[in-house]
1. Since residue 196 meets every condition but one in (1) among the acidic types (Asp, Glu); (2) more than 10 Å from the ligand (Cβ to nearest atom); (3) open to solvent by less than 20 Å² (accessible area, probe 1.4 Å), which condition does it not meet?
2. If you go through segment 147-169, how many residues are surrounded by fewer than 18 Cβ atoms within 10 Å (Cβ to Cβ) and in a loop (DSSP other than H, G, I, E, B)?
3. Give all pairs with beta carbons closer than 9 Å in which a residue from segment 8-20 that is open to solvent by 10 Å² or more (accessible area, probe 1.4 Å) meets a residue that is hydrophobic (A, V, I, L, M, F, W, C); count only pairs at least 6 apart in sequence or on separate chains.
4. Search segment 39-64 for residues that are at positive phi and pair each with any residue that is crowded, with 20+ Cβ neighbours inside 10 Å when their beta-carbon atoms are under 7 Å apart and the residues are at least 6 apart or on different chains.
5. Counting only residues that are among the charged types (D, E, K, R) and within 16 Å of the ligand (Cβ to nearest atom), how many does segment 26-53 have?
6. Looking at (1) under 27 Å from residue 182 (Cβ atoms); (2) touching a strand residue (DSSP E or B) at 6+ places or on another chain (Cβ under 9 Å), which is the one condition that is false for residue 299?
7. Could you say which residue among 190, 217, 179 is at pLDDT 95 or above and away from the ligand (no atom under 16 Å from the Cβ)?
Amino acid sequence: MSPVIKVAAAQVGPVHLTSTKEEVLERLLILFYTAVAQGAQIVVFPELTLTTFFPRHMFPNGPELDKFFEKGDIAESSLMKPLFDAAAEKKVDFYFGYAELTSDGKHYNSSFYYSAALGKIISRYRKVHLPGTFEPFTKPDAINQLEKRYFLPGDLPFDAFRAPGLIKGAVKGGQSVDGSTIGKGDPILGQLICNDRRWPEPWRVYGLQGMELMLIGYNTTSHSPELWGSRKPMTLEEEYKEVMFHHKLVMQANSYGNSCFSVCAARAGADDGKWGMIGGSCIIDPQGHIIAEANTDDDEVVVAEIDLEDCRQGKEKIFDFDRHRRTEHYGRIVEQTGVKEPELLP
Ligand code: CDT
């Protein structure tokens, strides 16, 4: 068995307030078929793939806001049918981020993983870490990120899952094998959405399930002093570089610390010609190296072949959790949310 698979990030460039979901879907199909032509077996699409990044705008609750959401089960969506059909026909899996409005009226920033081998969605996720504010900033030209207003925090666990049909000869449950089955089964995947990637906790929860490949979609604004914090004055170009630096830093560090590959796909570029968002879609290996990355802030496919055997080095040596973790010292991670500093000195 050779656990080698080809993965792709389908970066999506500007999507405007006036763009229709049908127009976006046509672009997604082009990206999908481009990835397929390069042999991709998994295609990762961005966060909130179908629309402009609407949380930067203030909308009243109701139809004006809900038009950005997919209502009910996205597996039944007529809009999405061409993409599900393409995936089924080409036998290619995909990760997809979208705004979810449940049939009982709850709003989430969600993603799913579609398995072509099983012909259905096999894993669903709802973004846990919602950045930004509930109320818009009072400064008129501030750039908002109203995710706390528009979405509930995700209520689904960080459950890793195995995706079938990607690796020939993967060991199945109940099959008798000589020695350990670790690293010999179908690939173990995890999914996160955008801001989640900056927090080591979800990566580690997935890492503790042996996750070998993390999939992430994102929309990351390159200019928002109110949200990123007051820093030394920077040009727009310097800000872009800094935001890109932190994006790659967390992707590389968390892939290394959990000995996994990761694929992340951006909604990039200037929506409506003015709201800049970074590109930087990339594929990272378990030693933290970027092995493929986007060169533009536009529609672009990034592809790489990955050998999941490369996860074994970290998982069995420096990050062998079983031998080296010291959970007796990690209590604060789950017992405490905010910072509690030591008492002041007398
Ligand atoms: N979409 C999303 O989560 N974006 C955030 C921006 C943080 S606030 C500027 C991110 O972490 O990339």
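The values are calculated or read from the model by the stated rules, or taken from the named source; none is laboratory data. What you are looking at is a predicted structure, and each value in this text was computed from that prediction instead of being measured. Don't worry about glycine lacking a Cβ; one is built from the backbone with ideal geometry, like all the others, and counts go over all protein chains shown. Ligands, DNA and RNA are stripped out before the accessible areas are found, and what is left, the full protein with its side chains, is counted by its heavy atoms. Shrake-Rupley method; radii C 1.70, N 1.55, O 1.52, S 1.80 Å.
1. Result: residue 196 passes all but (2).
2. Looking only at that region, the number is 10.
3. Here the result reads 14/268; 14/270; 14/275; 14/277; 17/54, each pair linking segment 8-20 to a residue that is hydrophobic (A, V, I, L, M, F, W, C).
4. Close Cβ pairs satisfying both conditions: 48/97; 48/98; 48/99; 48/109; 48/219; 48/267.
5. Of segment 26-53, the ones among the charged types (D, E, K, R) are 26-27, 47.
So of that shortlist, the ones also within 16 Å of the ligand (Cβ to nearest atom) come out as 47.
Selection size over segment 26-53: 1.
6. It is condition (1) that residue 299 fails.
7. Exactly one of 190, 217, 179 is at pLDDT 95 or above and away from the ligand (no atom under 16 Å from the Cβ), namely 190.
Okay, residues lined up against (1) open to solvent by less than 30 Å² (accessible area, probe 1.4 Å); (2) away from the ligand (no atom under 13 Å from the Cβ); (3) over 19 Å from residue 216 (Cα atoms); (4) in a loop (DSSP other than H, G, I, E, B):
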{"site": "83", "(1), (2), (3), (4)": "yes, yes, no, no"}
{"site": "89", "(1), (2), (3), (4)": "no, yes, yes, no"}
{"site": "111", "(1), (2), (3), (4)": "yes, no, no, no"}
{"site": "117", "(1), (2), (3), (4)": "no, yes, yes, yes"}
{"site": "122", "(1), (2), (3), (4)": "no, yes, no, no"}
{"site": "130", "(1), (2), (3), (4)": "yes, no, no, yes"}
{"site": "133", "(1), (2), (3), (4)": "no, no, yes, yes"}
{"site": "137", "(1), (2), (3), (4)": "no, no, yes, yes"}
{"site": "142", "(1), (2), (3), (4)": "yes, no, yes, yes"}
